[in-house]
Amino acid sequence: MDPEELFDIEMRLLLNGVRQVYGHDFTDYSEASIRRRITHWLATSGYGTLSEAQASILRDREAFDSLLRSITVNVSEMFRDPAFFQTLREQVVPHLKTYPFVKIWHAGCASGEEAYSLAILLEEEGLKGRFRMYATDINNEVLQNAQEGIFPLKEMQKYTRNYQLAGGRGTFSDYYLARYEHAIMTKSLRDQIVFASHNLAVDSDFGEMHLILCRNVLIYFKPTLKERVLRLFDTCLIPGGFLCLGLKEALDGRRIAPRYAETVPKMRIYRKSYDREQSE
Amino acid sequence: MTGNSQSKFRAVVVGVSSGGVEALKQVIGSLPGDFPLPVMVVAHISPEADNGLALLLDDLCAIRVKEADELEKAAAGTVFLAPPNYHLQVEKDATLSLSVDPPVRFARPSVDVLFEAAADAFGPALIGVVMTGAGCDGSEGLRRIKEAGGIAVVQDPAGAVADAMPRSAIEAVVPDYIVPLERIAPLLVRLATEP
Ligand SMILES: C[S@@+](CC[C@H](N)C(=O)[O-])C[C@H]1O[C@@H](n2cnc3c(N)ncnc32)[C@H](O)[C@@H]1O
C-alpha cells in the first residue's frame, strides 16, 4: 500500500479515537486542510507515524491539546474584509437598533479579533449597553486570549487601516491601551462580550439571537457538517434576524437557503424571512 | 466529468507569480475550449484584488475561466483560479476547497498548498506546471507531485520574466519537461489527449 493511503487510514483511525475519547469530532472536516495540518503536527511531534503518535494522543490530554492547537487554525484579523463590516454598519445595524436589546452569537471567534471589531462598530452606532455578544470557539486557549483582549501592538497599524476602510467614525487608538509590545482592548468593550467554549460539531444552541456571525469556519467543514451547523443557526435566529458568513461561503444549495435572502450581493449577509409558510 | 476516459490524467495544476498575467494569457489562451481536464491555477496577486483576473482571462480565452468556489467540482474544460487571499485545495473526490490558513512562505494562495493537495488527490494522474515567478513557491509541491508519480513541467527559466521560481523547481526535481512558455499549452494538449 502506498504511504499516502496508509496515512489516510491512520488519520481516520486517529480522528475516530479522538471523537470517542475527547468528544471532539473532526471526522466531517474537509480532508485536504486537516491532512495538511496533521502532517505538519506530525513533522514537529517527534513521532515517525500517526500510529505511533496515537497512543499518547488518546491517553495523554497534553499530547491531544498540542494536536488540537494545530488542527484548529485560529488566524483572524480585526475588521477583516472592511467592505463587509461597512455593509454591516450601514445595512444591518439600523435594523438591530429597532430592538430594545440585541443578542449576538459570534461562532468561531478565534482570539476575538472580529468580536472586538463588532463591539466597536456597535458602540459607534449607539448600541452601547444595549447588546450582548456570545463569542464562542472550540479552542479554549484562544478563548483565553480573546477574553484578555491583548493583541500584538505591531498589528494595530493594519487594523487601524481596516477600521478606517470599514467606515470607522472615531479614532481606533481610543479603543486600546498600548503597553510595551501589546495593545489591550478597553474594559468597556470587553464587558459586553461573553467568551465561551462551544463546539459547533456536537453542542446545541444558545437561545434566541438577532445576529449570528460565523465567518471562515464552515469553509473547513464537509457538506454534512455545514448543514448541521446551519440548522443550528436557523433554530436560534429570530425571523428577520441576520446570518453573516465568510466572503467565500455561500448559502446557495444549502437546506436552509429558501428561508434566507442575501441582503447585499457578495457580502454573504443573509436575512431570515418572516414568512412562516416556508418553514420546514 | 472529471477527466476523460481516454486520458491517463485527471487534472492539471499551475503555479505562477511575477509575470503571471502575461504567462497565463499565453498558456490558458492557447488551450482549446474542450480541453479534457480541469486546470487549477494559483497566481500570486494582491490580497485586495477582486476576481478581475478570472474575468479578464475568461474574456480572452476559449476555455472557460472562473474563480474557484468552495464545494465546486473540478470539471473538465474549465480553469479554476484561486481567489485572492485564500488557499485553493482539491479533495480526493475532485471537489475544490478553500482555506484561510496562514500564508505559506508569505503566499496565500500558495502554489505548494495546491500542488500538495492535488498530488494527494490525483497521484500519478496529475500534471504540475511551474512558470515565471520570484521566490521558490511550487518547488516543494512539484516534488510531492513527482513523488506521487505525476508529471512535472517547468517553464524554461531562460525565457521567463522572473526566473527564480522555475530555477528553484528545477533544482528541487528532475522535471519531465522544461519548455518555453509558448510550448506549454501544446504540450498539455498532447499529454491530456494521448492514451
Ligand atoms: C480561521 S478561524 C476564523 C476566525 C474568524 N471568524 C475570522 O474569520 O477571522 C476558524 C475558527 O473556527 C474554530 N473552529 C473550528 N472548528 C470549530 C468547531 N467545531 N466549533 C467551534 N469553533 C470551531 C477554530 O478554532 C478557529 O478559531
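The values are calculated or read from the model by the stated rules, or taken from the named source; none is laboratory data. All of these numbers come straight from a predicted model, not from anything done at the bench. Cβ coordinates were reconstructed from backbone atoms using ideal geometry, including for glycine residues, and neighbour counts include every protein chain displayed. What goes into the accessible areas is simple: the full protein's heavy atoms, side chains included, and nothing from ligands, DNA or RNA. Shrake-Rupley method; radii C 1.70, N 1.55, O 1.52, S 1.80 Å.
You will find that of A:68, A:88, A:58, the residue that is out of contact with any strand residue (DSSP E or B) (no Cβ under 8 Å at 6 or more places or on another chain), of a type in the set (A, V, I, L, M), surrounded by 18 or more Cβ atoms within 10 Å (Cβ to Cβ) and away from every other protein chain (no Cβ under 14 Å) is A:68 and no other.
For region B:38-78, which positions are assigned to a strand (DSSP E or B), touching a Ser or Thr at 6+ places or on another chain (Cβ under 8 Å) and within 25 Å of residue B:142 (Cβ to Cβ)? Across region B:38-78, the qualifying residues are B:39, B:42, B:43, B:65, B:66, B:73.
Only one of the listed residues (A:215, A:231) is among the basic types (Lys, Arg) and more than 14 Å from chain B (Cβ to nearest Cβ). That residue is A:231. Is it the case, given these coordinates, that residue A:195 is within 16 Å of the ligand (Cβ to nearest atom), in a strand (DSSP E or B) and more than 14 Å from chain B (Cβ to nearest Cβ)? So residue A:195 passes the test. Taken residue by residue, region A:47-55 has no member that is within 14 Å of chain B (Cβ to nearest Cβ), crowded, with 17+ Cβ neighbours inside 10 Å and hydrophobic (A, V, I, L, M, F, W, C). Based on this model, can you work out whether residue A:76 counts as within 16 Å of the ligand (Cβ to nearest atom), within 14 Å of chain B (Cβ to nearest Cβ), open to solvent by less than 60 Å² (accessible area, probe 1.4 Å) and assigned to a loop (DSSP other than H, G, I, E, B)? Yes; evaluated as a whole, the condition is true for this residue.
For residue A:203, are the conditions met, namely being surrounded by fewer than 18 Cβ atoms within 10 Å (Cβ to Cβ), within 13 Å of the ligand (Cβ to nearest atom) and free of Cβ contacts under 8 Å to residues at least 12 places away in the same chain? Against the criterion (surrounded by fewer than 18 Cβ atoms within 10 Å (Cβ to Cβ), within 13 Å of the ligand (Cβ to nearest atom) and free of Cβ contacts under 8 Å to residues at least 12 places away in the same chain), residue A:203 qualifies. Against the test of being in contact with a Gly (Cβ under 8 Å, 6 or more places away or on another chain) and in contact (Cβ under 8 Å) with a residue 24 or more places away in the chain, the options A:97, A:128 yield a single qualifying residue, A:97.
Quick grid of which residues meet (1) crowded, with 24+ Cβ neighbours inside 10 Å; (2) within 12 Å of chain A (Cβ to nearest Cβ):
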| residue | (1), (2) |
| --- | --- |
| B:119 | yes, yes |
| B:123 | no, yes |
| B:131 | yes, no |
| B:136 | no, no |
| B:141 | yes, yes |
| B:146 | no, no |
| B:149 | no, yes |
| B:157 | no, no |
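Scanning region B:82-96 for residues that are open to solvent by 10 Å² or more (accessible area, probe 1.4 Å) and either away from chain A (no Cβ under 11 Å) or within 18 Å of residue A:247 (Cα to Cα) (or both) returns B:84, B:85, B:86.
The set of residues in region A:86-126 being outside any helix (DSSP H, G or I) and within 15 Å of the ligand (Cβ to nearest atom) consists of A:104, A:105, A:106, A:107, A:108, A:109, A:110, A:111, A:112.
Would you mention how many residues in region A:149-160 are open to solvent by 20 Å² or more (accessible area, probe 1.4 Å) and either in a loop (DSSP other than H, G, I, E, B) or more than 16 Å from the ligand (Cβ to nearest atom) (or both)? Walk me through how you get there before you give the answer.
First, pick out the residues of region A:149-160 that are open to solvent by 20 Å² or more (accessible area, probe 1.4 Å): A:150, A:152-155, A:157-158, A:160.
From what's left, either in a loop (DSSP other than H, G, I, E, B) or more than 16 Å from the ligand (Cβ to nearest atom) (or both): A:150, A:153-154, A:157, A:160.
Looking only at that region, the number is 5.
The condition (being within 12 Å of the ligand (Cβ to nearest atom) and over 16 Å from residue A:132 (Cα atoms)) is satisfied by just one residue among A:177, A:230, A:245, A:213: A:245. Taken over region A:251-270, the criterion of being touching a Lys or Arg at 6+ places or on another chain (Cβ under 9 Å) and either farther than 23 Å from residue A:96 by Cβ or open to solvent by 30 Å² or more (accessible area, probe 1.4 Å) (or both) is satisfied by A:254, A:255, A:261, A:262, A:263, A:268. Please tell me if residue B:180 is touching a strand residue (DSSP E or B) at 6+ places or on another chain (Cβ under 8 Å), more than 13 Å from residue B:15 (Cα to Cα) and not basic (Lys, Arg). Criteria met by residue B:180. Residues in region A:1-27 that are within 13 Å of chain B (Cβ to nearest Cβ) and surrounded by 15 or more Cβ atoms within 10 Å (Cβ to Cβ) were compared, and the one that is farthest from residue A:74 (Cα to Cα) is A:4.
The residue that is nearest to the ligand (Cβ to nearest atom), among those in region A:216-227 that are on the phi < 0 side of the Ramachandran plot and surrounded by 19 or more Cβ atoms within 10 Å (Cβ to Cβ), is A:217.
Evaluating residue A:130 against the criteria (1) away from the ligand (no atom under 15 Å from the Cβ); (2) open to solvent by less than 60 Å² (accessible area, probe 1.4 Å); (3) of a type in the set (D, E, K, R) leaves one unmet condition, (2).
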